[in-house]
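Some notes on the structure that comes next.
The values are calculated or read from the model by the stated rules, or taken from the named source; none is laboratory data. Worth saying up front: this structure is predicted, and the values here are computed from it rather than measured. Cβ placement follows ideal geometry from the backbone for every residue including glycine, while neighbour counts extend to all protein chains displayed.
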Amino acid sequence: MADAELEVRPPKQRRSREAWNRVLDAGVTILEEDGYEAFTIAAVCERANVAPPAIYARTTSKEALFLAVYEHGIARLVADQQALEPADRWTGYAPAELVRAVVAETVRIPLRHQRFLRPVVLLSASHPEIRRRGSGYSRALGEQFTQLLAPLADRITHDHVGAAMSTCFDTVFATTVIRVAYGPGFATAAVEDDDAFAARLGETAVRYLLSTDPS
């Protein structure tokens, strides 16, 4: 589909903006409650209490509407990612405590939004544009992860510190995405709550990054 067909014409008047925000909120709710299969223009109109012209005034296709709803939902995750940035938030931690804290926050971001992310992650396998956009957001989170752990560079027991931190993030993030997409207990028989899950990944990261025996 051409890029022009995926464009959204932003509303300018207050009432139009309010109606469009209702449309976006409704789209997110439909994805959270019923998945992508239930996402139709008619369903969004009914949920948002708007007539179809309110949508067609902004865009021309279900695909364009879905991508706008996707960005609306992802914006909440981006806000969470930005909350990781204040440097003074991460001062005063011992090395192992810093790793555990950064991992816990990295894990909690997708878990807080798992109802929205579950249908999106499952769809991304067959939707190149969602996969492309999701990859960009995931990489940004990975860059934050490595930046927050950068003060530990001289304590990490690997020859290639940057690669080790990237591998650690990949492991943490991929494990979390599997949990988001398929629920706890999909890959292992043990079912643990989100806090225990985050703590276990934090301990795994500590043992990997700060082990005194790299072998």
> Based on what the data block shows, is Val50 surrounded by 15 or more Cβ atoms within 10 Å (Cβ to Cβ), within 29 Å of Ala181 (Cβ to Cβ), modelled with pLDDT of 80 or more and not polar (S, T, N, Q)?
Replying inline: no
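Okay, residues lined up against (1) acidic (Asp, Glu); (2) farther than 22 Å from Gln81 by Cβ; (3) not in a loop (DSSP other than H, G, I, E, B):
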{"site": "Gly134", "(1), (2), (3)": "no, no, yes"}
{"site": "Ser166", "(1), (2), (3)": "no, no, yes"}
{"site": "Thr176", "(1), (2), (3)": "no, no, yes"}
{"site": "Thr188", "(1), (2), (3)": "no, yes, no"}
{"site": "Asp195", "(1), (2), (3)": "yes, no, yes"}
{"site": "Tyr208", "(1), (2), (3)": "no, yes, yes"}
> Residue check: is Thr29 part of a helix (DSSP H, G or I), among the polar types (S, T, N, Q) and closer than 23 Å to Glu129 by Cβ?
Replying inline: yes
> Conditions: (1) over 28 Å from Trp90 (Cβ atoms); (2) surrounded by 14 or more Cβ atoms within 10 Å (Cβ to Cβ); (3) free of Cβ contacts under 8 Å to residues at least 12 places away in the same chain. Pro128 meets all but one. Number of the miss?
Replying inline: (2)
>> Considering only residues that are touching a Leu at 6+ places or on another chain (Cβ under 8 Å) and among the aromatic types (Phe, Trp, Tyr), which ones fall in region 92-126?
In response: Phe116
> Within the group Arg17, Arg47, Arg22, which residue is in a helix (DSSP H, G or I) and farther than 24 Å from Val120 by Cβ?
Replying inline: Arg17
> With respect to Thr176, is the statement that it is at pLDDT 95 or above, of a type in the set (Val, Ile, Thr) and surrounded by 12 or more Cβ atoms within 10 Å (Cβ to Cβ) true?
Replying inline: yes
>> I need the full set of residues from region 120-176 which are farther than 22 Å from Ala187 by Cβ and hydrophobic (A, V, I, L, M, F, W, C), in order please.
In response: Ile130, Ala140, Leu148, Leu149, Ala150, Leu152, Ala153, Ile156, Val161, Ala163, Ala164, Met165
> Looking at region 112-125, which of its residues are under 11 Å from the mean Cα position of the chain (by Cα) and either surrounded by 16 or more Cβ atoms within 10 Å (Cβ to Cβ) or over 28 Å from Glu203 (Cβ atoms) (or both)?
Replying inline: His113, Gln114, Phe116, Leu117, Arg118, Val120, Val121
> Cβ-Cβ below 6 Å, separation at least six or inter-chain, first residue in region 61-85 and not assigned by TED's automatic domain parsing to the domain that holds Gly27 and modelled with pLDDT under 95, second part of a helix (DSSP H, G or I) and among the basic types (Lys, Arg): which pairs?
Replying inline: none
> Among all residue pairs at least 6 apart or on different chains, which show Cβ distances below 8 Å where the first residue, located in region 38-56, is aromatic (Phe, Trp, Tyr) and the second is modelled with pLDDT under 95 and in a helix (DSSP H, G or I)?
Replying inline: Phe39/Lys62
> Of the residues Arg100, Arg22, Arg89, Arg17, which single one is loosely packed, with under 14 Cβ neighbours inside 10 Å, charged (D, E, K, R) and under 25 Å from the mean Cα position of the chain (by Cα)?
Replying inline: Arg89
